[in-house]
Amino acid sequence: MRITSTSQPSPREGLTYHVLDDEALIYDARDGGTHRLNCTARFIWEHCDGSSSCDSIALKLTRNWDAAPARAKEDVLTAVNEMVNNGLLEVNRPR
Amino acid sequence: MTTATSCQLDSPSLRFGASAISPMHIDGQRVSTEWVQLRIGVVNARIESSVSGLAEEYSALYSGYPTLHDNSHVCVRVERGRSRYTMGRRFIVSSNGERMFSVKRIEELLPHVEWALNWEVVRRLDTYLQLHAGVMERNGAGIVFPAAPGSGKTTLCAGLLSRGWRFLSDEFALIDTDGMVQPYPKALCIKEGSFTVMEHLGLPMISPRRYRKGQKGRVAYVNPLAMGVDAIGKACRLRHVVFPMFENGAKPALSSMSRGETGFALSRLSFNLRQKGARGMDILTRTLRGATCHRLVSGNIDATCDLLEELLGKQNHA
């Protein structure tokens, strides 16, 4: 699935999330895999609630991290795309 | 984003005996069985053998370990048999009734008994999160050395043991649900390339026998209690995680790792994280929150041990 700025990602079921300082580990019980999120990916993951769009997450990233809007949007789309491909997020179509 | 799939000592002597269990029958003949039961940290082990002298050899290897009187967690059995493929004579090593190894030469036998014991620990002691790591303790603080084979865990443990650190394991970190590392102080298995290092450290290898262990080639064993009756540590809190990597001739160096990177690396060095699932991950991450994390390039054993003692000294004064 193509991730766009209006995509609303949410965590898939069967994952456990463990915070370690400013990073996080996600354990996937389906395949026993472990995924490591750096601080940016952790921030993005924590805002993937199924109702926030990638655009709105990028806006929060811009405000919180004092990041350039274009860079924040690119980071969110890249990270969400990677997390979807790794089975950590699923994307709801906007209503 | 990164992704991976992945003693208390209470007796100076061991107990071993003959024909204490049901008799074995080999090639239609009844043979006597020797056995030894001992407590290796949290592991209660029983070795049964119809090969004369093996139980006695095993008890000599673990001289000073406590006698076990209650039920064992794991039972490794050795008997004479035949190869399934060539019908040649073999020593058969089985554990809890399951055939595990078929060994041709007597010098391969004891290492395979140890190997079978480790497999049984992986399979049966599932209350612990199991990591492939050496574990030492000093002043109540546990330091774990997770690494793949060939990274220098055992030599590092031996070096620290010779300096009065307490030994918990050179291969298994068994972490309970409270985040305590439990001892599984098997005899240290030393590869031939490290024999001279052991002599330098003053660690007596069980002699004169040398053994053979698969790809490791010639090996010898060191009983940690040879360094003193309190050379084996008790359960302790994990305070430091250090990933060692031996580089011949390198100047020893430590570099910090984040706990996230450490947790991710440890998840790949666990024997049973997949079986324990989310509970195992919870143990791992809770345990890491109280630990410092480093990567170690190890070289000369004395300089490497100096560096680790400096690290612990700094932490104690922090």
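Any residue in region A:13-24 that is closer than 24 Å to B:R279 by Cα and more than 10 Å from every other protein chain (Cβ to nearest Cβ)? Yes: region A:13-24 contains one or more residues that are closer than 24 Å to B:R279 by Cα and more than 10 Å from every other protein chain (Cβ to nearest Cβ).
Is it the case that some residue within region A:32-43 is out of contact with any Phe, Trp or Tyr (no Cβ under 7 Å at 6 or more places or on another chain), loosely packed, with under 15 Cβ neighbours inside 10 Å and within 14 Å of chain B (Cβ to nearest Cβ)? Yes - at least one qualifying residue is present in region A:32-43.
Within region B:269-284, not a single residue is of a type in the set (S, T, N, Q) and at the interface with another protein chain (Cβ under 7 Å from one of its Cβ atoms).
Of the strands (runs of 3 or more DSSP E) entirely within region B:177-296, those holding at least 3 residues that are at pLDDT 95 or above and either farther than 22 Å from B:W115 by Cα or assigned by TED's automatic domain parsing to the domain that holds B:G134 (or both) occupy B:180-182, B:236-246, B:253-256.
So which of B:A158, B:A133 is within 19 Å of the chain's Cα centre (by Cα), surrounded by 21 or more Cβ atoms within 10 Å (Cβ to Cβ) and part of a strand (DSSP E or B)?
Sole residue among the options that is within 19 Å of the chain's Cα centre (by Cα), surrounded by 21 or more Cβ atoms within 10 Å (Cβ to Cβ) and part of a strand (DSSP E or B): B:A133.
Quick check: is even one residue across region B:51-64 over 16 Å from the mean Cα position of the chain (by Cα), closer than 25 Å to B:F271 by Cβ and buried (at least 17 other Cβ atoms within 10 Å of the Cβ)? Looking through region B:51-64, none of the residues is over 16 Å from the mean Cα position of the chain (by Cα), closer than 25 Å to B:F271 by Cβ and buried (at least 17 other Cβ atoms within 10 Å of the Cβ).
Scanning region A:44-66 for residues that are within 14 Å of chain B (Cβ to nearest Cβ) and either hydroxyl-bearing (S, T, Y) or crowded, with 17+ Cβ neighbours inside 10 Å (or both) returns A:I44, A:W45, A:C48.
Pick from B:L109, B:L156: which is under 27 Å from B:V197 (Cβ atoms), modelled with pLDDT of 90 or more and in the same structural domain as B:Q182 (by TED's automatic domain parsing)? Show your work before the answer.
Values: B:L109 fails: in the same structural domain as B:Q182 (by TED's automatic domain parsing).
Exactly one of B:L109, B:L156 is under 27 Å from B:V197 (Cβ atoms), modelled with pLDDT of 90 or more and in the same structural domain as B:Q182 (by TED's automatic domain parsing), namely B:L156.
All conditions but one from (1) of a type outside the set (A, V, I, L, M); (2) more than 8 Å from every other protein chain (Cβ to nearest Cβ); (3) surrounded by 17 or more Cβ atoms within 10 Å (Cβ to Cβ) apply to B:N248; the one that does not is (3).
Every condition in (1) in contact with a strand residue (DSSP E or B) (Cβ under 7 Å, 6 or more places away or on another chain); (2) modelled with pLDDT of 95 or more; (3) more than 14 Å from chain B (Cβ to nearest Cβ) is met by A:A72 except one, and the failing one is (1).
Taking the conditions exactly as written (in a strand (DSSP E or B), of a type outside the set (S, T, Y) and out of contact with any Leu (no Cβ under 6 Å at 6 or more places or on another chain)), does B:M100 satisfy them or not? Walk me through it before giving the result.
Details: in a strand (DSSP E or B): yes; of a type outside the set (S, T, Y): yes; out of contact with any Leu (no Cβ under 6 Å at 6 or more places or on another chain): yes.
Considered against the rule, which asks whether it is in a strand (DSSP E or B), of a type outside the set (S, T, Y) and out of contact with any Leu (no Cβ under 6 Å at 6 or more places or on another chain), B:M100 comes out as yes.
Restricting attention to region B:13-33, does a residue exist that is assigned to a strand (DSSP E or B) and either at pLDDT 90 or above or within 14 Å of chain A (Cβ to nearest Cβ) (or both)?
Within region B:13-33, none of the residues are assigned to a strand (DSSP E or B) and either at pLDDT 90 or above or within 14 Å of chain A (Cβ to nearest Cβ) (or both).
Taken over region B:36-90, the residue count meeting the criterion of being farther than 18 Å from B:P224 by Cβ and in a helix (DSSP H, G or I) is 3.
Checking the structure you have, find out if any residue of region B:173-190 is among the basic types (K, R) and surrounded by fewer than 17 Cβ atoms within 10 Å (Cβ to Cβ). Before the answer, list the steps.
Narrowing region B:173-190 to residues among the basic types (K, R): B:186.
Checking which are surrounded by fewer than 17 Cβ atoms within 10 Å (Cβ to Cβ) leaves us with none.
No, because not a single residue in region B:173-190 is among the basic types (K, R) and surrounded by fewer than 17 Cβ atoms within 10 Å (Cβ to Cβ).
Per this entry, B:E261 is counted among residues that are of a type in the set (D, E), closer than 27 Å to A:D21 by Cβ and within 14 Å of chain A (Cβ to nearest Cβ).
The values are calculated or read from the model by the stated rules, or taken from the named source; none is laboratory data. Everything quoted here is computed from the prediction, not taken from an experiment. In this analysis, Cβ positions are derived from the backbone assuming ideal geometry, glycine residues included, and neighbour counts consider all displayed protein chains.
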